[in-house]
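Before I ask anything, let me first share the structure, which is written out below as structure tokens.
The values are calculated or read from the model by the stated rules, or taken from the named source; none is laboratory data. Keep in mind that what you see is a predicted model, and the values were worked out from it rather than measured. All Cβ positions, glycine included, derive from the backbone under ideal geometry; neighbour counts span all protein chains shown. Keep in mind that these areas ignore ligands, DNA and RNA; they rest on the heavy atoms of the full protein, side chains included. Shrake-Rupley method; radii C 1.70, N 1.55, O 1.52, S 1.80 Å.
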Amino acid sequence: MTLTLRSSTSFLNLKDIKGLKTPDDLSGTVCFAQIKPTCRLRETKSSMQEAQIFHEKNFASEGVRGSEWREKLHALPSAHAPKNDSRVPVFVMLPLDTVTLGGKLNKPRAMNASLMALKSAGVEGVMVDAWWGLVEKDGPLKYNWEGYAELVQMVEKHGLKLQVVMSFHQCGGNVGDSCSIPLPPWVLEEISKNPDLVYTDRSGRRNPEYISLGCDSLPVLRGRTPIQVYTDYMSSFRERFRDYLEDVIVEIQVGMGPCGELRYPSYPESNGTWKFPGIGEFQCYDKYMRASLEASAEAIGKRDWGQSGPHDAGQYKQFPKETGFFRNDGTWKTEYGRFFLEWYSMKLLAHGDRILAAAKGVFHGTGAKLSGKIAGIHWHYRTRSHAAELTAGYYNTRAQNGYLPLAQMFAKHNVVFNFTCMEMKDGEQPEHSSPEGLVQQVKMTTRSARIELAGENALERYDASAYGQVLVTSRSDSGNGLCAFTYLRMNKRLFEGDNWRNLVEFVKSMSEGGRNRRLSERDSTGTDLYVGFIREKNLKKTKEAALV
């Protein structure tokens, strides 16, 4: 996940529910100062591959010059863009351990109270991870959905909606992961027999988070391919929850990589392997990925290029200027660099295409939306090479829009493009980072591809400043507006004092199209938002009533 800080998995205590205030009870308000985006849309000068070209042996690009790309962005009819005053529904992510290792709903009474409170706040619904490592734990094709069934019924009882993530990755080893849910034991057994089933870096370090896309179409999981395993899993979910799809379960988010995101595990936090804001490393050294690289190089008569990944790409914690590959005039700009980055990114694109095609086949006609998540890798965005994005599999540089092929592929399957770091501001980040610029590029790109854009916050935030930034990015003043926003994450702190008041006002503002903004005093943290003074507003209301 995009440097996502996952919070504690505590629920709301039952005794706390009486103290929570609903929108009607709140007399205070969060005031939002107008924030002008500081990001800029970068020109696209080099050729782009169309998203319909997925086969690894086909590297023919269709030329798209920067001026042509900008034309496409601005030539869209307004009917395809969300209205500025459109309502943006807000969902809240449930704790990572909502379902226990034993397959039961965790702390059902506390969950019931928490859902009641969220409903009172005007929240549209909640999101939950349906962990592969829990559901298919007992053996191939042996599924246990009972804990999730109890949750679905509880969500329905409270009149909420549910987004369900098909989580084919492990939980644990990333920023803030508060519990450990590995891949199913029978899958881990296959990995122990054949370690090349998982992503591998240049040093030979194996990453057990997710099955390598290099073996997508090979029967390496007890006679089934990974894509077949994912398809069977989704089919089982569809059959178990057929009666709830569309009315209660409104969205299926399809996991396509580590943290559920379509990317390579290029920045793993476990054991101190990577540290923010390091560039990460390419993950193409398992035998299946190496065989693919070798075949692709041989197909264009450059056999030497297929022997290995770049030798000068540095290490996880380094910066672009410290490497021969990613520095401004580095190897990434050469013919070899373009070949490798094209191959690496197109492998990822093809992986996403295969999984989304399978999901579309499974859920077609059920009424549930499909979505997929792309990581918001904002560090080193202001450099020429965008090194951290490149190692994650996004061929996005100062001269090339790497998110357009992804958006076009999502559009092909009618999938919502889910993106993170919506709450971040450039001024909060290190040099050369630009979450605002990245979000702006994605908003323009998804508008160009004519697909819906949904958002999440990347870090655990409760302050009005972060909520205000989400309101700014949610609107379609420039680029795509948001069709939905999912807040990370429900925990005990969310229901405390100002944190709860901020959430309630945020949900209300999103329901009004993100237009609840007034210039006001700055808060004590120096942000351009503050929580309004409840007593002053109460006093004002009292005076107005007296005049009447």
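What is the spin-label model distance, in nm, from Glu428 to Ser235 if the labels are put 7 Å beyond Cα along the C-beta direction?
4.4 nm
In what sequence, highest mean first, do 376-385, 148-157 appear when ranked by Cβ atoms within 10 angstrom?
376-385, 148-157
Run the numbers for Asp138 and Ser270: contour at 0.36 nm per residue of separation, minus the present Cα-Cα distance, in nm. All intermediate terms of the calculation are to be shown ahead of the outcome.
Values: separation 132, 0.36 × 132 = 47.52 nm, distance 2.65 nm.
Once the chain is fully extended between Asp138 and Ser270, it gains 44.9 nm.
Step through the residues of the range 412-420 one at a time and calculate ³J(HN,Hα) from phi using the Karplus curve (6.51 cos²θ - 1.76 cosθ + 1.60, θ = phi - 60°), rounding each to whole Hz and writing x for Gly and Pro.
4, 9, 6, 10, 6, 8, 9, 9, 10
Over the range 161-294, what is the mean sequence separation of C-alpha contacts under 8 Å (at least six apart), divided by residue count, expressed as relative contact order in percent?
Numbers: 191 pairs, mean separation 47.3, N = 134.
Averaging sequence separation for qualifying contacts and normalising by length gives 35 percent for the range 161-294.
Full-extension gain between Arg222 and Arg493, please, as 0.36 nm times their residue separation minus the C-alpha to C-alpha distance.
93.2 nm
Still on this structure, I have one more. Rounded to the nearest 0.05, what FRET efficiency is calculated for Asp312 and Leu188 with R0 set to 30 Å and r the Cβ-Cβ distance?
0.30
Using protein chains only and a probe of 1.4 angstrom, how many square angstrom of Ser296 are accessible, to the nearest 10?
Near enough 0 Å² of accessible area.
With label points built 7 Å along Cα→Cβ from the Cα atoms of Ser478 and Arg205, find their separation and express it in nm.
Label-label distance for Ser478 and Arg205, simple model: 3.7 nm.
Sort out for me the Cα centre separation of the range 261-287 from the range 476-499, rounded to whole Å.
27 Å
Moving to a separate point now. Over 10 Å intervals from 0, what percent of Cα-Cα pairs in the range 222-298 sits in each interval?
Calculated over all Cα pairs of the range 222-298, the distribution is 14, 28, 30, 21, 7, 0 percent.
Can you list residues whose amide H is under 5 Å from Gly513's amide H, if they're 5+ apart or on another chain and H is modeled 1.01 Å from N?
Val88
Let me ask something additional. In sequence order, what are the phi-derived ³J(HN,Hα) couplings for the range 251-259 according to the Karplus relation 6.51 cos²θ - 1.76 cosθ + 1.60 with θ = phi - 60°, rounded to whole Hz, with x for glycine and proline?
8, 10, 8, 8, x, 9, x, x, 6
Follow-up question, since we're still on this one. Run the numbers on the range 318-476 and let me know its relative contact order in percent, using alpha-carbon pairs under 8 Å that are six or more apart.
That works out to 22 percent.
Need one number for the range 406-513: average projected area of the convex hull over its C-alpha atoms, nm².
Over all viewing directions, the range 406-513 projects a mean Cα-hull area of 7.2 nm².
Stick to Cα atoms and the Kirkwood definition of Rh, then tell me Rg/Rh for the range 228-357.
1.09
Which entries in the list Lys373/Lys425; Lys347/Lys373; Lys193/Lys302 go over 27 Å, if you measure between the two C-alpha atoms of each?
Flagged as over cut-off: Lys193/Lys302.
What order do Asp201, Asp304, Asp129 take when sorted by accessible area (1.4 Å probe), most exposed first?
Result of the area sort, largest leading: Asp304, Asp129, Asp201.
Enumerate the amide H contacts of Val92 below 5 Å, restricted to partners 5 or more residues apart or on another chain; note that Pro and chain-start residues carry no placed amide H.
Counting only residues 5 or more places away or on other chains, the set is Gly125, Val126, Met127, Tyr487.
Please tell me the relative contact order of the range 114-240 in percent, rounded to the nearest whole number, where contacts are Cα pairs under 8 Å and at least six residues apart.
23 percent
So what J values fall out for the range 325-332 if you push phi through Karplus, 6.51 cos²θ - 1.76 cosθ + 1.60 with θ = phi - 60°, rounded to Hz, Gly and Pro as x?
7, 9, 4, 3, 10, x, 4, 4
Would you tell me the accessible area of Glu342, worked out with a 1.4 angstrom probe on the heavy atoms of the protein chains, in Å² to the nearest 10?
20 Å²
If amide H atoms are built 1.01 Å from N in the plane of the peptide, which residues on other chains or at least 5 residues away come under 5 Å of the amide H of Ala454?
For Ala454, whose amide H was placed from the backbone, the distant partners under 5 Å are Phe417, Asn418, Phe419, Cys483.
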